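Data block below; observations after.
Readers should treat all values here as calculations from the given coordinates under stated rules, not as data from a laboratory. Being a predicted model, the structure only gives us computed values, none of them experimental. Heads up, the Cβs are rebuilt from the backbone with ideal geometry, glycines too, and the neighbour counts pull from every protein chain shown.
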Amino acid sequence: MSYEIKKATDQIGQDMPHTEYSIDQALLSVADLMSTLVKARLNTGVPASTGQAAILRLAKAQMTLVDASSDVLRVHGELKKLGTEYAGFPDHECPPAQAAKREDKHLSIVA
């Protein structure tokens, strides 16, 4: 494997898990906000229609994030195939998986 391919796969191996994690964090954030909005409506005794437009938009944003997550997972699969073809990674192993193993190893050292 050439130096440039190794350099690229190492960077992808770091970026892919970070991207997947970031989307999941955004999903959690939107879910938390949705919960807060609905609780506020219930706890304040305002009419059920209050804030409905905002809740609908937030639900749409959440679905957009779910779609983005699906697309990123597809990208991960495509990159895994490319890693097998061009970088010689076995089918069951790809740079993001290797990066996750390195992170787990560092976390177990800290724990």
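Label separation (residue 46 vs residue 74): 3.8 nm, computed from points 7 Å beyond Cα along the C-beta direction. Dimensions of the stretch 11-67 from C-alpha coordinates, computed as largest minus smallest value along each principal axis and given longest first, are 51, 18, 9 Å.
The local environment of residue 50, defined by Cβ-Cβ distances under 15 Å, has a net charge of +3 under the rule Lys, Arg +1 and Asp, Glu -1.
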